[in-house]
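Beneath this line is the structure, given in structure tokens, with notes to follow.
The values are calculated or read from the model by the stated rules, or taken from the named source; none is laboratory data. Since we're looking at a predicted model, the values are computed, not measured. Please note: Cβ atoms are built from the backbone with ideal geometry, for glycine as well, and neighbour counts cover all protein chains shown. All accessible areas refer to the heavy atoms of the entire protein, side chains included, with ligands and DNA or RNA removed. Shrake-Rupley method; radii C 1.70, N 1.55, O 1.52, S 1.80 Å.
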Amino acid sequence: MDRSGHDPILSLPVANPRYFLALAAAQLLAAPLATQPAAPPALDQARTVDAEVRVAMFDLLSERPLAAMSRLRALRQAPEFQIEGSGSSYGQAEVQFLLAESYARLGMSDAFRGTARTLLESGNTRFAPLLQMQLLLDAYRRGAYQEAASMAQSVAATDAGLAGLIGGLASYRMGSYGAARTAFDGVASGGPYSGYARYMSALSLMAGDLAQAPATITALQGLAGDALGEFADQVNLTIAQLAYQRGDYDVASAAAGRVSATGGLSSSATLTRAWSLYKASQFDAASQAFTEFATRFPHLPERDEARLMVGQVMLQQQRIDDAGRYFQAIADSLNGDLATMRAGSAAAMAEAARSFVRARAATLLFLQQPAAGKVLALPDNHGMDRAAIARALGASAPVTPPEQLRPEIISLADLGPRLDSLAPASAGGIARRVVYVTDTGGPTRAEFVRRSQALSQADVAVALARYELAEQLAAHNAKLALMERLQEMLGEAAGQLDTLSRELTQARDSLARLSEMTEEESIRVRELIQREAEAVRLDAADNARRADSLRASFGAILSSDDAGLIEVERQTSLTYQRLAESVISRLPSVFARHPVVRLQDTVRAHIAATEGLVGDTRATISSTNAILMNEMARLRATEDQRTGAARAALASAEGARATAEGAVLVAAEAELRARADTFLGMVSRDAQAAEFGAASASFFKAVGTPTVSGTLAEPPGGAAAAPDQSSPR
């Protein structure tokens, strides 16, 4: 069945398209003339519902969730569709499930939660495994850690590994490190999440008791031997950070050195290694590491501290003159940058906020420690892939290979290009550096995520309204196109009638000429035959008279034989006479019944009848054309009720989106301004430290070469902070 406003489900092949269009025209023209509307055909509820649900499922699995959601919502709202009790293979549960998956695919978490919970509360167990896993991920992503930890206990065994990992992370977030470790240990025995579970189990041990740091390092070192790729980099980086905290600088620098130099975690590893080498008094190597960090990662806030530490190393190495010149150059550079950034900070933050909101990337501002790989991401379509949905609906589907389910660590390699493309290159590049400052001073992360979610749902509402308006306009335009085609066909038919009229005129003229010739020839032949018949009649009459005269003249002398011959001659003459008279009397009727004459009359009658039909058809075409023109003018001048409602819905959705976008923009700008203040304070302190370093070098040079102790900068938080774990998204 094809509902109004949707792509057709079935198409009926018609041998002659003219017949189809003519039928459509007949239905169109007959409607206004009917005094009583015809009763609609009975609706086959079962087939209708089956067709609608199957097409919605096809749209969803074909990555067209908007089309699926529009069709399903129309199916639920249409009063003529009684889903339950219709005899359909699909019922309300399947419709709700597909709606929930459409909402989830479009990021409408509020609508997804409401629909999924309603379906689960109805007692349906068919879709429970998939929906429970999706609700668990949703709860963790929005920070409902207690709810996530509770839900993780009831997820089906098929997703027990991921559920255990999420439950452990939720407990870790709440500070329940014992429960977290228990959950992680339950996952660590095997499966695609075992390595990360072992990693988090070791961190949970230390988070609950700092005295367990050596055991944690030992466990992580054992895990590092089995880990691969970016996960191995994260494990080694964590070992380096923990070892640095404990003062095991050689272990820290060695572990940091094992992190891939081209990976996304190389920035934190390079900085941690630089500090470890400095603390171990390996000044040349430390200077090279600090220089490498400042050169490769100029967009990170720690860049200037790393540059200062290069000068500090010069002081440590008694290179007083080099240190003085270096510090003075750094101070001049920072003071110049600081003046430029302060002058353009407000405008740069406003433009950066607009860039983030326009690109719908404002939530990236709250990714925690991306440079250190503290964010874990699952595939965006986890639980919503074709195989999972098909299995939930009872269809056979291949099992997703475990390697495709492995979590991904989000690092600078992922965020750097994305953030650099968003932050405008203004105010000395301040916007590009501010986004890496730890979130502070603005709205809470939960409030920011709430506003961003509202904007995301507003975007979907606008997209849906545009889609439905486009469908209505397509239907509207299809009506106009059909009428235009009908007009073309009527024009073609009128042209054919003109041709037929010319042919009829030519036939009538030819028939007239033929009739004239036939009539002339008929008169000539009739006169000829009549003359001959009259001559025969006269000769026969004369012969008869002669026979009578001869018999009378001879009288009795005639023998019987002669008398018989005369009688025969007389009778023969009379017979010819009668035949001639018969021909003469019947000659007009014979010519009138001649096939040539009769065919002329038939052809003449056919021509007259055809001309009458042509006239009637012309009148019908003219009246039909007038109806079509009036209807087309009405359609062009006005929109039907559905199109008007769709336009109103789009305008309302765009207004709601503008409000939601404004709320996110205000929050994003406030957060960026707060970060800019923090960053400018950092740059100001670094500039003061550089000036102090230059002054210190001058002092040391004036008083002689002393033993330099202390540093101008403290190790940054990224190098010394205990590893934390952000939520999978």
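How many residues are open to solvent by less than 50 Å² (accessible area, probe 1.4 Å), modelled with pLDDT of 85 or more and part of a helix (DSSP H, G or I) when one looks only at the stretch 146-161?
So the answer is 3.
Looking only at residues that are open to solvent by less than 30 Å² (accessible area, probe 1.4 Å) and within 31 Å of the chain's Cα centre (by Cα) in the stretch 436-452, which one is modelled with the highest pLDDT?
So, considering only residues that are open to solvent by less than 30 Å² (accessible area, probe 1.4 Å) and within 31 Å of the chain's Cα centre (by Cα), the one modelled with the highest pLDDT is S452.
Only residues in the stretch 543-571 that are at pLDDT 80 or above count as the first member; pair them with residues that are of a type in the set (S, T, N, Q) and part of a helix (DSSP H, G or I), Cβ under 6 angstrom, at least 6 apart or cross-chain, and list the lot.
From residues that are at pLDDT 80 or above, the pairs are N543/S573; A544/S573.
State all residues of the stretch 185-199 that are modelled with pLDDT of 80 or more, of a type outside the set (S, T, Y) and under 38 Å from the mean Cα position of the chain (by Cα); if no residue qualifies, say none.
V187, G195, A197
Can you tell me which residue among L565, L587, L579 is open to solvent by less than 60 Å² (accessible area, probe 1.4 Å) and in a helix (DSSP H, G or I)? Break it down stepwise before answering.
Values: L565 fails: open to solvent by less than 60 Å² (accessible area, probe 1.4 Å); L579 fails: open to solvent by less than 60 Å² (accessible area, probe 1.4 Å).
The conditions single out L587.
Scan the stretch 653-669 and tell me whether some residue there is among the hydroxyl-bearing types (S, T, Y) and closer than 22 Å to A475 by Cβ.
In the first step, residues of the stretch 653-669 are kept if they are among the hydroxyl-bearing types (S, T, Y); the result is 659.
Next cut, closer than 22 Å to A475 by Cβ only: none.
No, the conditions are met nowhere in the stretch 653-669.
Residue under question is R675, and the condition is that it be basic (K, R), part of a helix (DSSP H, G or I) and under 30 Å from V435 (Cβ atoms); does it hold? Steps first, please.
On the way: basic (K, R): yes; part of a helix (DSSP H, G or I): yes; under 30 Å from V435 (Cβ atoms): yes.
Answer is yes for this residue.
For the stretch 222-281, what are the residues that are aromatic (F, W, Y) and open to solvent by less than 10 Å² (accessible area, probe 1.4 Å)?
Going residue by residue through the stretch 222-281, those that are aromatic (F, W, Y) are 231, 244, 249, 275, 278.
Result: W275, single match.
Name the residue that is nearest to the chain's Cα centre (by Cα), counting only residues in the stretch 298-338 that are among the acidic types (D, E) and either more than 23 Å from S276 (Cβ to Cβ) or open to solvent by 60 Å² or more (accessible area, probe 1.4 Å) (or both). Give the steps one after another, and end with the answer.
The initial filter retains those residues of the stretch 298-338 that are among the acidic types (D, E), namely 302, 304-305, 321-322, 332, 337.
Checking the rest, the ones that are also either more than 23 Å from S276 (Cβ to Cβ) or open to solvent by 60 Å² or more (accessible area, probe 1.4 Å) (or both) come to 321-322, 332, 337.
Details: D321: 64, D322: 61, D332: 53, D337: 45 Å.
It comes out as D337.
Which of the residues spanning the stretch 324-355 are among the small types (G, A, S) and in contact with a Ser or Thr (Cβ under 8 Å, 6 or more places away or on another chain)?
As a first pass, look at the stretch 324-355 and keep what is among the small types (G, A, S): 324, 329, 331, 333, 336, 339, 343-348, 350, 352-353, 355.
Within the stretch 324-355, G324, G344, A347, A348 qualify.
Identify all residues within the stretch 597-619 that are more than 30 Å from R526 (Cα to Cα) and exposed (fewer than 13 other Cβ atoms within 10 Å of the Cβ); write none if there are none. Don't jump to the end; show me each part of the working.
As a first pass, look at the stretch 597-619 and keep what is more than 30 Å from R526 (Cα to Cα): 609-619.
Scanning the stretch 597-619 gives A609, G612, L613, G615, D616, A619.
Looking at the stretch 583-596, I want the residues that are more than 18 Å from L538 (Cα to Cα) and have a partner that is in a helix (DSSP H, G or I) with Cβ atoms under 7 Å, at least 6 apart or on another chain. Which pairs are those?
F591/S522; F591/R526; F591/V597; V596/T518
Return the pairs, sorted by first residue and then second, in which the second residue is outside any helix (DSSP H, G or I) and open to solvent by 20 Å² or more (accessible area, probe 1.4 Å), the first residue lies in the stretch 319-344 and is closer than 26 Å to R432 by Cβ, the beta carbons are less than 9 Å apart, and the residues are 6+ apart or on different chains.
Note: pairs meeting the criteria are Y326/R319; F327/L712; G344/S426.
Residues that are at pLDDT below 85 and over 28 Å from A289 (Cβ atoms): does the stretch 709-718 have at least one?
So the first thing to find is which residues in the stretch 709-718 are at pLDDT below 85, and the list is 709-718.
Still in the list and also over 28 Å from A289 (Cβ atoms): none.
No, the stretch 709-718 contains no residue that is at pLDDT below 85 and over 28 Å from A289 (Cβ atoms).
For the stretch 178-193, what are the residues that are within 20 Å of A149 (Cβ to Cβ) and touching a helix residue (DSSP H, G or I) at 6+ places or on another chain (Cβ under 7 Å)?
Scanning the stretch 178-193 gives G178, A179, A180, R181, A183, F184, D185, G186, V187, A188, G191, Y193.
Which numbered condition in (1) in contact (Cβ under 8 Å) with a residue 24 or more places away in the chain; (2) open to solvent by less than 90 Å² (accessible area, probe 1.4 Å) is the only one that R642 fails?
Every condition holds for R642 apart from (2).
I need the helices (runs of 4 or more DSSP H) fully contained in the stretch 41-145, keeping only those with at least 3 residues that are modelled with pLDDT under 85. Before you say what the answer is, go through the steps one by one.
On the way: elements: 45-61, 65-77, 92-105, 109-121, 128-141.
Helices (runs of 4 or more DSSP H) meeting the threshold: 45-61, 65-77, 92-105, 128-141.
Based on what the data block shows, is A470 under 30 Å from A648 (Cβ atoms), open to solvent by 50 Å² or more (accessible area, probe 1.4 Å) and either of a type in the set (A, V, I, L, M, F, W, C) or free of Cβ contacts under 8 Å to residues at least 24 places away in the same chain (or both)?
Working: under 30 Å from A648 (Cβ atoms): yes; open to solvent by 50 Å² or more (accessible area, probe 1.4 Å): yes; either of a type in the set (A, V, I, L, M, F, W, C) or free of Cβ contacts under 8 Å to residues at least 24 places away in the same chain (or both): yes.
It is true that A470 is under 30 Å from A648 (Cβ atoms), open to solvent by 50 Å² or more (accessible area, probe 1.4 Å) and either of a type in the set (A, V, I, L, M, F, W, C) or free of Cβ contacts under 8 Å to residues at least 24 places away in the same chain (or both).
Condition (residue is open to solvent by 10 Å² or more (accessible area, probe 1.4 Å), modelled with pLDDT under 85, under 30 Å from A243 (Cβ atoms) and not in a helix (DSSP H, G or I)) applied to the stretch 205-219: is it met by at least one residue?
yes
Does E631 count as within 38 Å of the chain's Cα centre (by Cα) and either free of Cβ contacts under 8 Å to residues at least 60 places away in the same chain or within 30 Å of V449 (Cβ to Cβ) (or both)? Full working, then the answer.
Numbers: within 38 Å of the chain's Cα centre (by Cα): yes; either free of Cβ contacts under 8 Å to residues at least 60 places away in the same chain or within 30 Å of V449 (Cβ to Cβ) (or both): no.
The answer is no for E631.
Does A463 qualify as being open to solvent by less than 50 Å² (accessible area, probe 1.4 Å), touching a helix residue (DSSP H, G or I) at 6+ places or on another chain (Cβ under 9 Å), in a helix (DSSP H, G or I) and closer than 26 Å to L665 by Cα? Write out each step before concluding.
Numbers: open to solvent by less than 50 Å² (accessible area, probe 1.4 Å): yes; touching a helix residue (DSSP H, G or I) at 6+ places or on another chain (Cβ under 9 Å): yes; in a helix (DSSP H, G or I): yes; closer than 26 Å to L665 by Cα: yes.
Taking the combined requirement at face value, the residue satisfies it.
Counting just the residues of the stretch 116-134 that are free of Cβ contacts under 8 Å to residues at least 24 places away in the same chain and surrounded by fewer than 22 Cβ atoms within 10 Å (Cβ to Cβ), which one comes out nearest to T363 (Cα to Cα)?
Taking the stretch 116-134 first, the residues free of Cβ contacts under 8 Å to residues at least 24 places away in the same chain are 116-118, 120-121, 123, 125.
Keeping just the survivors that are surrounded by fewer than 22 Cβ atoms within 10 Å (Cβ to Cβ) gives 117-118, 120-121, 123, 125.
Values: R117: 26, T118: 29, L120: 30, E121: 32, G123: 36, T125: 35 Å.
The qualifying residue nearest to T363 (Cα to Cα) is R117.
For the stretch 508-543, name all the residues that are in contact with a helix residue (DSSP H, G or I) (Cβ under 6 Å, 6 or more places away or on another chain), of a type in the set (A, V, I, L, M) and over 28 Å from R578 (Cα atoms).
Across the stretch 508-543, the qualifying residue is only L511.
So which of S281, S267 ends up being in a helix (DSSP H, G or I) and not hydrophobic (A, V, I, L, M, F, W, C)? Show your work before the answer.
Numbers: S281 fails: in a helix (DSSP H, G or I).
Among S281, S267, only S267 is in a helix (DSSP H, G or I) and not hydrophobic (A, V, I, L, M, F, W, C).
Only one of these is in contact (Cβ under 8 Å) with a residue 12 or more places away in the chain, open to solvent by 40 Å² or more (accessible area, probe 1.4 Å), assigned to a helix (DSSP H, G or I) and under 24 Å from A227 (Cβ atoms): G164, G186, G195, G178. Name it.
When all the criteria are applied, what remains is G186.
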